[in-house]
Amino acid sequence: MSNPLNLTVPEGTPFIDFTREFDFPVDAVFEAHRDPALVAQWLGPNNMKMEVDHYDFRTGGSYKYAHSDESGTYGFTGVFHTVRENEFAIQTFEFDGYPDVVAMDYMRFEALEGNRCRLVGHSVYPTQEARDGMAASGMEEGMSQGYQRLDTLLSAR
């Protein structure tokens, strides 16, 4: 079963919030966010290939990866500031196409009844313009497609 992504883009604030439930336990969803081999299988839009340069999902770790399709390659970098096993992560997020615009992303992994999980995210952008650009970039569709692939990946495990 695929659960919907609930994305909220509050008017007049430089934030984007989301929630997404998974029919899998917290530890499985967390591991799929930690393991670079798994991340490469689900993160991003369906029509893009992902290459991971490095991905160290731990406090003080960092990442660099790229999505590519026939129209080009799109790089992303960031730092994992805080990672608490099966519970919480804070990371920066920077798209190479907009250097100097760094978002701060917060993710909570919440256990639900029935061995399920809710992922709750809050992204903070440096300006309203940066937030609006991200919201208009196709972010919602790419996140929805990625989480659907994550459902499929976790179902197969």
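If the condition is being surrounded by 15 or more Cβ atoms within 10 Å (Cβ to Cβ) and over 16 Å from Phe95 (Cα atoms), then the range 57-81 contributes Phe57, Gly61, His81.
Mind checking whether some residue in the range 3-22 is buried (at least 18 other Cβ atoms within 10 Å of the Cβ), small (Gly, Ala, Ser) and in contact (Cβ under 8 Å) with a residue 40 or more places away in the chain? Steps first, please.
Here is the first cut: in the range 3-22, the ones buried (at least 18 other Cβ atoms within 10 Å of the Cβ) are 5, 16, 18, 20-22.
Applying the additional criterion that residues be small (Gly, Ala, Ser) yields none.
No.
Just a yes or no: is a residue in the range 125-147 farther than 20 Å from Gly44 by Cβ and in a strand (DSSP E or B)? Looking through the range 125-147, none of the residues is farther than 20 Å from Gly44 by Cβ and in a strand (DSSP E or B). For Val120, indicate whether it is in contact with a strand residue (DSSP E or B) (Cβ under 9 Å, 6 or more places away or on another chain), closer than 22 Å to Val29 by Cα, surrounded by 13 or more Cβ atoms within 10 Å (Cβ to Cβ) and at pLDDT 95 or above. Answer is yes for this residue.
Of the candidates Ala66, Ala89, Ala103, the single residue that is part of a strand (DSSP E or B), under 21 Å from Asp27 (Cα atoms) and in contact with a strand residue (DSSP E or B) (Cβ under 7 Å, 6 or more places away or on another chain) is Ala89.
Within 16 Å of the chain's Cα centre (by Cα), assigned to a strand (DSSP E or B) and surrounded by fewer than 16 Cβ atoms within 10 Å (Cβ to Cβ): is that true of Arg108 in this structure? If you could, list the steps in order and put the result at the bottom.
Values: within 16 Å of the chain's Cα centre (by Cα): yes; assigned to a strand (DSSP E or B): yes; surrounded by fewer than 16 Cβ atoms within 10 Å (Cβ to Cβ): yes.
It is true that Arg108 is within 16 Å of the chain's Cα centre (by Cα), assigned to a strand (DSSP E or B) and surrounded by fewer than 16 Cβ atoms within 10 Å (Cβ to Cβ).
With the structure loaded, tell me whether Tyr106 is on the phi < 0 side of the Ramachandran plot, touching a His at 6+ places or on another chain (Cβ under 9 Å) and not hydrophobic (A, V, I, L, M, F, W, C) or whether it fails that test. Judged against the criteria, Tyr106 is a match.
Scan the range 27-40 and give yes if some residue there is in contact with a His (Cβ under 8 Å, 6 or more places away or on another chain), under 22 Å from Ala111 (Cβ atoms) and not in a loop (DSSP other than H, G, I, E, B), otherwise no. Yes - at least one qualifying residue is present in the range 27-40.
The values are calculated or read from the model by the stated rules, or taken from the named source; none is laboratory data. Note that this is a predicted model, so its numbers are computed, not measured. Methodologically, a virtual Cβ is constructed for each residue, glycine included, from the backbone with ideal geometry; neighbour enumeration extends over all protein chains shown.
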